[in-house]
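These notes concern the structure reproduced below.
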Amino acid sequence: MRAETLGIIGGTGWLGGALAQALLDTGFVSAAQLFLSNRSGSHPLSATGAHLVGDNQALVDASDVVIVSVRPEQFNALKIDASGKLVISLMAGVTAQTISEATGARAVVRAMANAAVEIRQSFTPWHCALELPASEVDFIEHVLACVGTTSRVPTEDCIDYLSALSGTGPAFPALLMTALTHQAMAAGIPQDVAHQAARGVVVAAGQLLAKHDPQAMIDSLVAYKGVTAAALQSLLDAGFERQIGEAVQAGAEVARRGM
Ligand SMILES: NC(=O)c1ccc[n+]([C@@H]2O[C@H](COP(=O)([O-])OP(=O)(O)OC[C@H]3O[C@@H](n4cnc5c(N)ncnc54)[C@H](OP(=O)(O)O)[C@@H]3O)[C@@H](O)[C@H]2O)c1
């Protein structure tokens with residue numbers, strides 16, 4: 001597929017803006033080919049030369065492919081006719097059927113990015129119920145790869161589930177880091193040291209997982225029967241995996257129910 005023009009509704013928002021900047025920086029589109037819309041008008045992204053418009057229908061009419069990156073609760077207010085077009089939604093909790101009925105799109109893709117778009121390391125799964133030509137699949141994956149990695153998933157429910165997993169971005173590590181910090185302080189470790197220690201675990205040592213298999217790492221640490229093994233075993237005995245499963249399902253339920 002060769003899309004000459006690409007439009008991002010909500011293209012000056014946190015996610016839409018990061019994607020727009022990445023699309024330009026990687027040379028995937030030129031500024032002349034990129035259309036962005038918002039309600040409030042001026043935005044630093046317009047300095048790139050991308051077209052910033054206030055009329056969403058004008059953006060749709062000018063764009064071969066339309067990306068929707070408004071907040072879920074803002075979607076109802078969009079009144080666009082995207083008949084015949086491919087629409088890629090980045091919204092959590094708005095079904096493809098709702099988007100299809102509201103826009104008349106030829107095909108609706110749901111993609112779920114996360115906050116790591118900011119550093120272009122988002123894992124962004126996507127789903128489309130229709131058979132798509134290989135060129136269109138290639139196009140979608142190239143757009144999403146501008147902000148990290150991507151993978152097509154077989155059902156829309158995978159997107160709702162993954163909204164509460166990869167879509168949460170740094171949320172789980174942040175919770176772990178604050179819990180480690182608070183518990184260290186409660187155990188008498190000075191605050192700055194507690195913070196440094198927790199950061200060392202989550203941000204620094206966590207990077208080792210980029211090149212080590214996590215299960216092999218856990219197995220070898222448990223087999224060592226030392227300090228780390230005792231800490232891990234305590235968590236496992238307390239139902240750590242079950243709790244994580246319940247947490248992700250609780251988030252996924254919200255995504256499935258819609259917002
Ligand atoms: N943030 C995350 O970590 C994350 C993770 C996964 C998925 N998402 C999804 O990403 C989507 C965008 O989230 P965000 O965090 O980027 O929100 P955001 O920063 O509030 O961006 C929303 C953008 O939409 C614009 N907008 C709102 N109503 C509009 C309308 N009627 N016409 C044109 N533009 C409109 C807003 O600009 P104006 O106010 O100027 O109109 C704003 O630029 C959400 O649907 C969310 O589910 C976010």
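The values are calculated or read from the model by the stated rules, or taken from the named source; none is laboratory data. Not measured: the values here are computed from a predicted model. Positions of Cβ are backbone-derived with ideal geometry, glycine not excepted, and every protein chain shown enters the neighbour counts.
Working only within the range 74-93, note down all residues that are free of Cβ contacts under 8 Å to residues at least 40 places away in the same chain, farther than 22 Å from Glu136 by Cα and in contact with a strand residue (DSSP E or B) (Cβ under 9 Å, 6 or more places away or on another chain). Break it down stepwise before answering.
Filtering the range 74-93 down to residues free of Cβ contacts under 8 Å to residues at least 40 places away in the same chain leaves 75-77, 79, 81-85, 87, 89, 91.
Filter once more, so that each one left must be farther than 22 Å from Glu136 by Cα: 75-77, 79.
Within the range 74-93, Phe75 is the sole residue that qualifies.
On the given criteria, is Val94 out of contact with any Asp or Glu (no Cβ under 8 Å at 6 or more places or on another chain), within 30 Å of Arg257 (Cβ to Cβ) and crowded, with 18+ Cβ neighbours inside 10 Å?
Details: out of contact with any Asp or Glu (no Cβ under 8 Å at 6 or more places or on another chain): yes; within 30 Å of Arg257 (Cβ to Cβ): yes; crowded, with 18+ Cβ neighbours inside 10 Å: yes.
So Val94 passes the test.
Which residue is surrounded by the fewest Cβ atoms within 10 Å (Cβ to Cβ), if the candidates are limited to the range 72-91 and must be out of contact with any helix residue (DSSP H, G or I) (no Cβ under 6 Å at 6 or more places or on another chain) and assigned to a strand (DSSP E or B)?
For the range 72-91, the residue satisfying everything is Ser83.
Cβ-Cβ below 7 Å, separation at least six or inter-chain, first residue in the range 153-179 and farther than 25 Å from Arg257 by Cα, second buried (at least 19 other Cβ atoms within 10 Å of the Cβ): which pairs?
Pro173/Val202; Leu176/Val202; Met177/Ala198; Met177/Val202
Of (1) among the β-branched types (Val, Ile, Thr); (2) in contact with a Ser or Thr (Cβ under 8 Å, 6 or more places away or on another chain); (3) within 15 Å of the ligand (Cβ to nearest atom), Val70 satisfies all except one. Which?
Val70 satisfies all of (1) among the β-branched types (Val, Ile, Thr); (2) in contact with a Ser or Thr (Cβ under 8 Å, 6 or more places away or on another chain); (3) within 15 Å of the ligand (Cβ to nearest atom) except (2).
One residue is enough: does the range 34-42 have a residue meeting the conditions more than 9 Å from the ligand (Cβ to nearest atom), in the same structural domain as Leu144 (by TED's automatic domain parsing) and modelled with pLDDT of 95 or more?
Yes, there is a match, as at least one residue in the range 34-42 is more than 9 Å from the ligand (Cβ to nearest atom), in the same structural domain as Leu144 (by TED's automatic domain parsing) and modelled with pLDDT of 95 or more.
Out of all the residues in the range 180-228, which are in contact (Cβ under 8 Å) with a residue 12 or more places away in the chain and under 23 Å from Thr149 (Cβ atoms)?
Val202, Val203, Gly206
Does at least one position in the range 97-107 carry a residue that is under 26 Å from Asp55 (Cβ atoms), surrounded by fewer than 20 Cβ atoms within 10 Å (Cβ to Cβ) and within 13 Å of the ligand (Cβ to nearest atom)?
Looking for residues that are under 26 Å from Asp55 (Cβ atoms), surrounded by fewer than 20 Cβ atoms within 10 Å (Cβ to Cβ) and within 13 Å of the ligand (Cβ to nearest atom), one finds at least one in the range 97-107, hence yes.
Identify the single condition in (1) surrounded by fewer than 15 Cβ atoms within 10 Å (Cβ to Cβ); (2) within 14 Å of the chain's Cα centre (by Cα); (3) not hydroxyl-bearing (Ser, Thr, Tyr) that Ala113 does not satisfy, given that it satisfies every other one.
(1)
Table: residues versus (1) more than 15 Å from the ligand (Cβ to nearest atom); (2) on the phi < 0 side of the Ramachandran plot; (3) in contact with a strand residue (DSSP E or B) (Cβ under 6 Å, 6 or more places away or on another chain).
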| position | (1), (2), (3) |
| --- | --- |
| Glu118 | no, yes, no |
| Cys146 | yes, yes, no |
| Ile159 | no, yes, yes |
| Leu165 | no, yes, no |
| Gly169 | no, no, no |
| Pro173 | no, yes, no |
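Can you tell me which residue among Ala247, Ala194, Ala198, Ala184 is within 26 Å of Ala92 (Cβ to Cβ), surrounded by 12 or more Cβ atoms within 10 Å (Cβ to Cβ) and outside the structural domain of Thr149 (by TED's automatic domain parsing)?
On the way: Ala194 fails: within 26 Å of Ala92 (Cβ to Cβ); Ala198 fails: within 26 Å of Ala92 (Cβ to Cβ); Ala184 fails: within 26 Å of Ala92 (Cβ to Cβ).
Exactly one of Ala247, Ala194, Ala198, Ala184 is within 26 Å of Ala92 (Cβ to Cβ), surrounded by 12 or more Cβ atoms within 10 Å (Cβ to Cβ) and outside the structural domain of Thr149 (by TED's automatic domain parsing), namely Ala247.
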